[in-house]
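The values are calculated or read from the model by the stated rules, or taken from the named source; none is laboratory data. As the structure is a prediction and not an experimental result, all values here were calculated from the model. A quick note on method: Cβ atoms are made from the backbone with ideal geometry, for glycine too, and the neighbour counts reach across all protein chains shown.
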There are 2 protein chains.
Amino acid sequence: MEIAANDPSLKSWVEIPVDSDFPIQNLPFGIFKENGKKRAGVAIGDKVLDLSALQEYGLLNDLSLPNKVFDQEVLNGFLHLGKPTGRKVRNRVSELLQENNDELRSHYALGSILFDQSKVKMCMPVQIGDYTDFYSSEQHAFNVGCMFRDPKNALMPNWKHIPVGYHGRASSIIESGIPIHRPKGQQKPNDEEPAVFGPCKLLDFELETAFITCGENGLGEAIPVEKAEDHIFGMVLFNDWSARDIQKWEYVPLGPFLAKNFASCISPWIVTLDALEPFRIEGPKQDPPVLPYLQYEGEKHFDIELEVAIKPEGSEEKVVGHSNFKYMYWNMAQQLAHQTVNGCNIRTGDMYGSGTISGPESSQFGSMLEISWKGTKPVSMPDGSERKFILDGDTVIMRGHAKHNGLRIGFGEVSTKILPAK
Amino acid sequence: MEIAANDPSLKSWVEIPVDSDFPIQNLPFGIFKENGKKRAGVAIGDKVLDLSALQEYGLLNDLSLPNKVFDQEVLNGFLHLGKPTGRKVRNRVSELLQENNDELRSHYALGSILFDQSKVKMCMPVQIGDYTDFYSSEQHAFNVGCMFRDPKNALMPNWKHIPVGYHGRASSIIESGIPIHRPKGQQKPNDEEPAVFGPCKLLDFELETAFITCGENGLGEAIPVEKAEDHIFGMVLFNDWSARDIQKWEYVPLGPFLAKNFASCISPWIVTLDALEPFRIEGPKQDPPVLPYLQYEGEKHFDIELEVAIKPEGSEEKVVGHSNFKYMYWNMAQQLAHQTVNGCNIRTGDMYGSGTISGPESSQFGSMLEISWKGTKPVSMPDGSERKFILDGDTVIMRGHAKHNGLRIGFGEVSTKILPAK
């Protein structure tokens with residue numbers, strides 16, 4: 001798809017640091033808080049461009065936008081206008097930021113339109129209606145199957161037929177930068193002894209991405225796989241915190257519950273699927289063939305490099321895993337087609353996690369469960385300590401970007417510090 | 001707890017039909033649509049009392065309510081004020097409706113305040129933040145365990161230690177009266193043959209109740225069991241539709257997903273926990289003893305009779321199950337304490353399903369799976385047909401009420417017709 005704002009030759013009059021996640025070809029949407037007020041913005045280099053100001057100054061007048069659509073605490077109203085409108089706004093913002101354009105640059109007080117990212121607070125970009133977490137990386141499902149079942153039958157019989165997923169908790173999804181307390185809960189560390197209650201001992205991250213939907217299908221109306229991307233506005237990084245010991249005792253037969261719902265954390269900028277267009281690639285051959293409602297044409301996977309680091313308190317960080325979104329067996333279009341094939345209705349602002357994304361090499365695993373192989377292979381940290389799982393005081397940082405021919409489209413990061421249990 | 005509006009001797013100047021679910025001692029809250037406009041109301045006999053009109057006329061002036069709190073499309077704003085405010089409003093409405101009170105009766109045009117329930121449309125009472133479904137009836141868990149595992153080890157090892165639950169889909173919870181289409185999805189009817197796609201063949205109801213929360217705990221703050229009821233505003237009937245064949249193929253290892261999220265249906269009136277006070281009873285002795293965070297004092301169970309009927313197209317209905325909310329092993333306070341013990345945050349308008357409520361007798365089972373014992377014991381209908389599961393054209397109707405010493409507090413009904421798959 002040709003999108004004007006994606007032209008790799010574009011340059012901006014805003015200075016873009018080398019290796020910035022946010023060149024003029026990205027222009028992700030977010031909610032920032034400045035001078036006590038939340039509103040919508042776009043990232044450009046190290047700056048945030050205030051969309052509500054652009055609209056107020058009449059610079060978006062030709063786009064037929066609702067009044068004050070960016071002067072809101074969440075992006076739901078804007079996203080609900082759909083992807084074609086999002087594309088028009090992104091193209092227009094690109095125009096205004098191009099080096100040869102002086103509409104904005106020369107005629108307005110930039111101090112009230114363009115803010116340093118370091119001086120504003122990034123907030124939750126959407127009010128999440130429902131949240132689903134999938135389980136769509138084959139290597140991750142295989143690793144878990146090897147550890148807890150049988151390496152010869154590591155994948156469940158349904159795994160290559162269904163993009164397996166489950167519903168999660170929307171209320172506890174928070175933005176990057178908010179420290180969370182280690183959760184407490186029931187565990188049964190020893191089969192022979194009674195269950196105990198206390199702080200989770202096996203706290204883990206899961207390196208994921210998530211997509212955010214726009215528009216609604218009616219209840220009872222499936223979204224076919226070929227139309228699914230019309231409802232996928234963009235993506236964020238997603239840390240699906242997991243309490244492995246709580247999970248082990250609770251999850252049979254109805255799935256993870258308190259092991260997951262104490263917090264999940266996202267990066268604050270919604271990178272549009274439009275901005276990721278240049279990074280489409282083919283997915284893995286799906287064998288056995290999937291049922292017709294899951295069959296797709298074209299490149300529906302994306303080449304996005306991901307990494308996760310642990311930063312012990314007062315120490316430097318260490319990257320403990322490098323992965324890539326291309327390792328997904330099931331793509332986002334298949335996930336959304338599956339989610340709605342029974343008539344389940346989606347809403348603007350829903351969030352859909354990928355599941356832990358692990359690559360084929362052990363350096364590409366996306367959770368400590370896999371990286372430390374159930375705690376049998378501790379990882380050494382720069383301060384000399386070791387990690388099997390996450391300790392109090394650790395900060396877990398995830399980053400992601402796509403890169404090709406000198407063009408880098410990044411997500412920023414999601415960074416969360418673990419405080420001791422209350 | 002002494003609540004003025006619960007006085008069993010109260011009588012209203014509104015005529016209350018014999019065996020009405022909505023005497024002056026009930027006064028449940030809901031959202032109704034009349035003359036094209038949604039607003040909040042209270043049920044009294046066969047009527048709906050318009051709360052927004054009461055506030056507009058100044059009849060609620062002493063309660064320090066926010067302006068137009070009832071002139072809303074959902075009750076979230078009102079519920080967010082908390083249970084003490086809800087109690088004040090219910091007490092005041094009771095006063096206005098008492099036979100010796102003429103403040104409302106004699107001074108206002110009742111035609112614009114009091115509407116026939118049959119002439120208004122009842123709507124979703126809240127915007128649901130998150131929805132959890134528990135699995136808290138021992139007989140139901142035992143029946144399922146007998147059918148799919150081993151009668152000698154029917155309950156999972158964790159079942160008597162944890163109020164097992166899972167997250168469900170909020171977007172597809174709808175009010176009574178909306179027909180739904182039979183869902184389609186992947187099934188694997190035969191282990192030896194490939195999975196197939198098509199309309200669900202084993203469509204089932206689950207007879208449940210659900211409670212709705214008010215107020216918020218902060219992320220990271222547990223709600224102790226003794227304070228949980230402060231956050232439980234009231235209850236509705238809940239039909240947790242289930243596609244058994246889809247469920248069987250998809251649910252290992254992450255729990256039910258498309259088998260449940262095509263629709264769940266609720267009765268439209270929120271019966272307050274206050275109105276149910278007279279029906280508190282002791283729960284079952286929990287053995288083995290539960291961990292301290294789940295231990296409770298006092299009567300936290302409620303004696304509420306429940307029934308479920310099937311009405312084939314063009315025929316009379318047949319009640320196929322009689323159960324009672326008292327058969328819960330885990331009570332609502334335990335469920336909410338468990339949900340939040342890891343710091344998971346609740347919000348006003350969350351919904352928490354009980355899980356299928358089955359009693360000890362086979363006439364008291366709460367799903368067709370159990371009633372027909374996996375299809376081996378068909379139920380005969382008044383029109384001569386038989387049911388193992390739900391057929392196209394069937395309407396499933398659930399009703400509930402508490403009754404004691406001549407006082408009846410009812411829920412009305414949740415009634416949903418099944419249309420053929422699209």
>> When you check A:Asn101 against the structure, is it within 20 Å of A:Val252 (Cβ to Cβ) and surrounded by fewer than 17 Cβ atoms within 10 Å (Cβ to Cβ), yes or no?
In response: no
>> Regarding the range A:302-315, can at least one residue be identified that is without any contact (Cβ under 8 Å) to a residue 24 or more places away in the chain and either surrounded by fewer than 21 Cβ atoms within 10 Å (Cβ to Cβ) or more than 13 Å from chain B (Cβ to nearest Cβ) (or both)?
In response: no
> Looking only at the range B:166-188, which residues are more than 9 Å from every other protein chain (Cβ to nearest Cβ) and polar (S, T, N, Q)?
Replying inline: B:Ser176, B:Gln187
> If you go through the range A:289-305 one residue at a time, do you hit one that is out of contact with any helix residue (DSSP H, G or I) (no Cβ under 8 Å at 6 or more places or on another chain), assigned to a loop (DSSP other than H, G, I, E, B) and at positive phi?
Replying inline: yes
> Restricting the search to the range B:326-345, which residues are of a type outside the set (Gly, Ala, Ser), over 15 Å from B:Pro163 (Cβ atoms) and touching a residue at least 60 places away in the same chain (Cβ under 8 Å)?
Replying inline: B:Asn345
> Among the listed residues A:Glu73, A:Glu95, which satisfies the condition of being outside the structural domain of A:Tyr352 (by TED's automatic domain parsing), acidic (Asp, Glu) and in a helix (DSSP H, G or I)?
Replying inline: A:Glu95
>> Restricting to the range A:139-169, count the residues that are buried (at least 19 other Cβ atoms within 10 Å of the Cβ) and not in a loop (DSSP other than H, G, I, E, B).
In response: 9
>> Step by step: first the residues of the range B:187-219, then only those that are out of contact with any strand residue (DSSP E or B) (no Cβ under 8 Å at 6 or more places or on another chain) and among the polar types (S, T, N, Q), then the one that is farthest from B:Trp373 (Cα to Cα). Which residue is that?
In response: B:Asn217
>> Being within 20 Å of B:Thr348 (Cα to Cα) and modelled with pLDDT of 95 or more is true for just one of B:Gln55, B:Gln72, B:Gln25. Which residue is that?
In response: B:Gln72
> Does A:Gly129 fit the bill of being within 14 Å of another protein chain (Cβ to nearest Cβ), crowded, with 21+ Cβ neighbours inside 10 Å and not acidic (Asp, Glu)?
Replying inline: yes
> If we keep just the residues of the range B:397-422 that are in contact with a helix residue (DSSP H, G or I) (Cβ under 9 Å, 6 or more places away or on another chain) and at pLDDT 95 or above, which is nearest to the other protein chains (Cβ to nearest Cβ)?
Replying inline: B:Gly412
> Would the range A:79-88 turn up any residue that is assigned to a loop (DSSP other than H, G, I, E, B) and either at positive phi or of a type in the set (D, E, K, R) (or both)?
Replying inline: yes
> Given the residues A:Gly220, A:Gly198, which is the only one that is within 13 Å of another protein chain (Cβ to nearest Cβ) and in a loop (DSSP other than H, G, I, E, B)?
Replying inline: A:Gly220
>> If a residue must be among the polar types (S, T, N, Q), within 14 Å of another protein chain (Cβ to nearest Cβ) and surrounded by 24 or more Cβ atoms within 10 Å (Cβ to Cβ), how many such residues does the range A:243-279 contain?
In response: 2
> Looking at the range B:346-401, which of its residues are crowded, with 19+ Cβ neighbours inside 10 Å and part of a strand (DSSP E or B)?
Replying inline: B:Met351, B:Tyr352, B:Gly353, B:Arg387, B:Val396, B:Ile397, B:Met398, B:Arg399, B:Gly400, B:His401
>> Can you find a residue that is among the aromatic types (Phe, Trp, Tyr), buried (at least 17 other Cβ atoms within 10 Å of the Cβ) and within 14 Å of chain A (Cβ to nearest Cβ) anywhere in the range B:69-85?
In response: no
> Looking at A:Met332, is it touching a Pro at 6+ places or on another chain (Cβ under 8 Å) and modelled with pLDDT of 95 or more?
Replying inline: no
> What number of residues in the range A:223-242 are away from chain B (no Cβ under 11 Å) and not in a helix (DSSP H, G or I)?
Replying inline: 12
